[in-house]
Structure formats: C-alpha cells, structure tokens
Amino acid sequence: MSTIPVVNEPVEDLASRLEAMTDDELFVIMSALEKASDTAEEDTLEEILPRIALTESEIERRYPGDLLAPYRDWKQRQLLL
C-alpha cells in the first residue's frame, strides 16, 4: 500500500476535503498522486487512479475551460523555486 495518506483515506472523505482546499493544497495532492502512480504496484494503482480523476475534476471545476493548465503552470513554477 502507498505511504501517502490520501491513498489510504476513503474516497468520500477525499472528495469533501478537496472542495475546502486552497489551490496550492489541491495541486500538492495532485502532484503526490501522480508521483505515487508512477511507482505504484498494480493493486495500489487501482486505488490511486480514481483519486487522480477526482482531483482532476476538482481542478477543472475551479478552472472551467482551462483543463489542467493551472496545475501544469503551478508545477512549472515549482521547478523554478
């Protein structure tokens, strides 16, 4: 199982927490989920992918029509820090 807490918490809890997060918090979660999916075993990946989809949906809800551009921009800025 993954060591990042967001993978172990119930999806319903994550969904309600995502709505209350700041954009930076949301983007940190997305980044952590992406990293976890890169190294996950198949059984853990089945837990991560729905959480990624849920997080993507929240980003798209906040930025209609921008898809994941705000997240990609945020990731780029993190590389420059």
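The values are calculated or read from the model by the stated rules, or taken from the named source; none is laboratory data. In this text, all values refer to a predicted model and were calculated from it rather than measured experimentally. As a convention, Cβ positions derive from the backbone with ideal geometry for all residues, glycine included, and neighbour counts pool all protein chains shown. We work out accessible area using only protein heavy atoms, side chains counted, and drop any ligands, DNA or RNA first. Shrake-Rupley method; radii C 1.70, N 1.55, O 1.52, S 1.80 Å.
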Which of the residues belonging to the stretch 35-81 are under 19 Å from ASP24 (Cβ atoms), surrounded by 14 or more Cβ atoms within 10 Å (Cβ to Cβ) and of a type in the set (Asp, Glu)?
GLU56, GLU58, GLU60
Verdict on VAL28 being open to solvent by less than 90 Å² (accessible area, probe 1.4 Å) and at pLDDT below 90
no
